[in-house]
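Novice: Submitted below is the structure of interest, expressed as structure tokens.
We did not get these values from a lab; they are worked out from the coordinates using the rules stated. None of the values given here were measured: they were computed from a predicted structure. No Cβ is skipped: glycine too gets one built from the backbone with ideal geometry, and neighbour counts run over all protein chains shown.
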Amino acid sequence: MAKPEKQAAVAEIVESFNESAGAVLTDYRGLTVKELQDLRRSLGENASYAVVKNTLAKIAASEAGVSGFDDLLVGPTAIAFITGDVVEAAKGLRDFAKANPALIIKGGYLDGAVLDAAEISKLAELESREVLMGKLAGAMLASLQNAVSLFQAPLSQAARVAGALQAKAEQDPSILAGGAGAPAAAEEEPAAETEAPAAEAEAADSTDA
């Protein structure tokens with residue numbers, strides 16, 4: 001590969017690193033061209049899948065500030081650059097590897113931390129961001145007495161209610177479990193009126209007598 005071509009290839013990998021939330025390194029040896037196409041389709045918008053040269057990938061990783069997985073860049077390597085839901089991308093790779101044992105997950109990185117193959121597998125077992133957000137929203141709405149009216153309200157009003165609820169949840173996390181939150185402090189009863197005026201009146205009557 002000529003030097004300008006190498007520089008262009010490195011720049012492309014650097015860009016992929018910079019634009020992704022993480023990456024999963026795989027050994028694709030034994031997969032057919034059609035199977036590689038199927039893998040790319042199965043990842044959808046969650047990740048792009050690119051075959052790379054190890055030497056160029058090492059240079060690109062260094063330029064992108066990514067370190068820790070040089071040992072994984074051995075043998076035929078293809079990288080899934082995760083640009084969408086990280087959990088869904090991990091699930092896609094895991095499911096494809098189950099159906100196509102030729103795909104071997106080597107490891108990867110996420111948020112600057114290096115992950116081994118077992119950790120990628122654990123990541124795939126998590127619930128997706130959409131599911132977790134749905135559960136959180138359900139727990140929050142469960143504590144509202146007017147949940148039905150919230151769904152029927154205009155979007156702007158619903159946004160204000162959601163914002164107020166978020167602020168309340170930050171002050172009292174118990175509402176996320178479906179509770180009603182901490183009870184409000186009871187208002188203090190007004191102090192009993194003094195009987196001094198009545199006593200003064202009695203004193204005045206005795207003086208007049």
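Novice: Relative contact order, percent, of the range 3-124 when contacts are C-alpha pairs under 8 Å separated by at least 6 residues?
Specialist: Computed value for the range 3-124: 38 percent relative contact order.
Novice: While we're on this one: I want to check the label-to-label distance for Ala21 and Asp172. Put each point 7 Å from Cα in the C-beta direction and report it in nm to one decimal.
Specialist: In this crude spin-label approximation the distance works out to 3.2 nm.
Novice: Let me ask you something else. If you stretched the chain out fully between Ile104 and Glu12, how much longer would it get, using 0.36 nm times the residue separation minus the C-alpha to C-alpha distance?
Specialist: 30.7 nm
Novice: Which residues in the range 1-26 place their backbone N less than 12 Å from a point set 7 Å from the Cα of Thr55 along the Cα-to-Cβ direction?
Specialist: 1-3, 6-7
Novice: Round to a whole angstrom and tell me the spacing of the C-alpha centers of the range 1-65 and the range 74-127.
Specialist: One Cα centre to the other: 13 Å.
Novice: Moving on. Suppose the chain between Lys3 and Asp71 were pulled fully straight at 0.36 nm per residue; how much longer would it get relative to their current alpha carbon spacing?
Specialist: Separation in residues times 0.36 nm, less the Cα-Cα distance, equals 22.0 nm.
Novice: Could you list, in their original order, any pairs among Lys53/Lys98; Lys3/Lys53; Lys58/Lys98; Lys58/Lys122; Lys53/Lys91 whose Cα atoms are separated by more than 18 Å?
Specialist: Check vs 18 Å cut-off fails for Lys53/Lys98; Lys58/Lys98; Lys58/Lys122; Lys53/Lys91.
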